[in-house]
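The values are calculated or read from the model by the stated rules, or taken from the named source; none is laboratory data. Since we're looking at a predicted model, the values are computed, not measured. FYI the Cβ positions are ideal-geometry reconstructions off the backbone, even for glycines, and counts take in every protein chain you see.
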Amino acid sequence: MAQRKHKVPEEIQRFWALLDMSIDAHWRHLNTRRDGATDMTIEALMLSLRRGPEALAHPDTLNRLAQLSERQMLWVMTRLQGFKPEIAPAWKDADLEVLAAVRRKL
């Protein structure tokens, strides 16, 4: 009996390609986004925003803020409102309005 050749699903082909990648290539693959900032960029932004709206005066913070997608921006704003007092003061609505206005200008 002749063997049938089955088309390998695209997900399996991508998985096989990942197996041939170096650790550095995996790192870049996992930490490069095409639709906004990387997770590490978001975490660095959150760390800087613990200082409050004053952090918006720092170029590094603005650079990270500019990289966010709309979905990420909403997530960051939600997280800012949920800061625990022992970490940093939660952002108020007026602070979030300033953040959104600054982001629109970037």
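Taken together, the residues in the range 42-86 that are among the polar types (S, T, N, Q) and in contact (Cβ under 8 Å) with a residue 24 or more places away in the chain amount to 3.
In the range 63-106, the qualifying residues are those that are of a type in the set (Phe, Trp, Tyr) and more than 13 Å from the chain's Cα centre (by Cα), and the one that is surrounded by the fewest Cβ atoms within 10 Å (Cβ to Cβ) is Phe83. Checking Glu43, Glu54 one by one, the residue that is of a type outside the set (Phe, Trp, Tyr), over 13 Å from Leu99 (Cβ atoms) and either surrounded by 12 or more Cβ atoms within 10 Å (Cβ to Cβ) or at pLDDT 75 or above (or both) is Glu43 and no other.
State the number of residues belonging to the range 53-101 that are in a helix (DSSP H, G or I), in contact with a Gly (Cβ under 9 Å, 6 or more places away or on another chain) and closer than 18 Å to Asp35 by Cα. Spell out how you get there, then give the answer.
As a first pass, look at the range 53-101 and keep what is in a helix (DSSP H, G or I): 53-57, 59-66, 70-81, 93-101.
Then keep just the ones that are in contact with a Gly (Cβ under 9 Å, 6 or more places away or on another chain); that gives 70-73, 95.
Restricting the remaining residues to those that are closer than 18 Å to Asp35 by Cα gives 70-73.
Residues that pass the stated criteria total 4.
State yes or no: is Leu49 aliphatic (A, V, I, L, M) and exposed (fewer than 10 other Cβ atoms within 10 Å of the Cβ)?
Spelling it out, it is not the case that Leu49 is aliphatic (A, V, I, L, M) and exposed (fewer than 10 other Cβ atoms within 10 Å of the Cβ).
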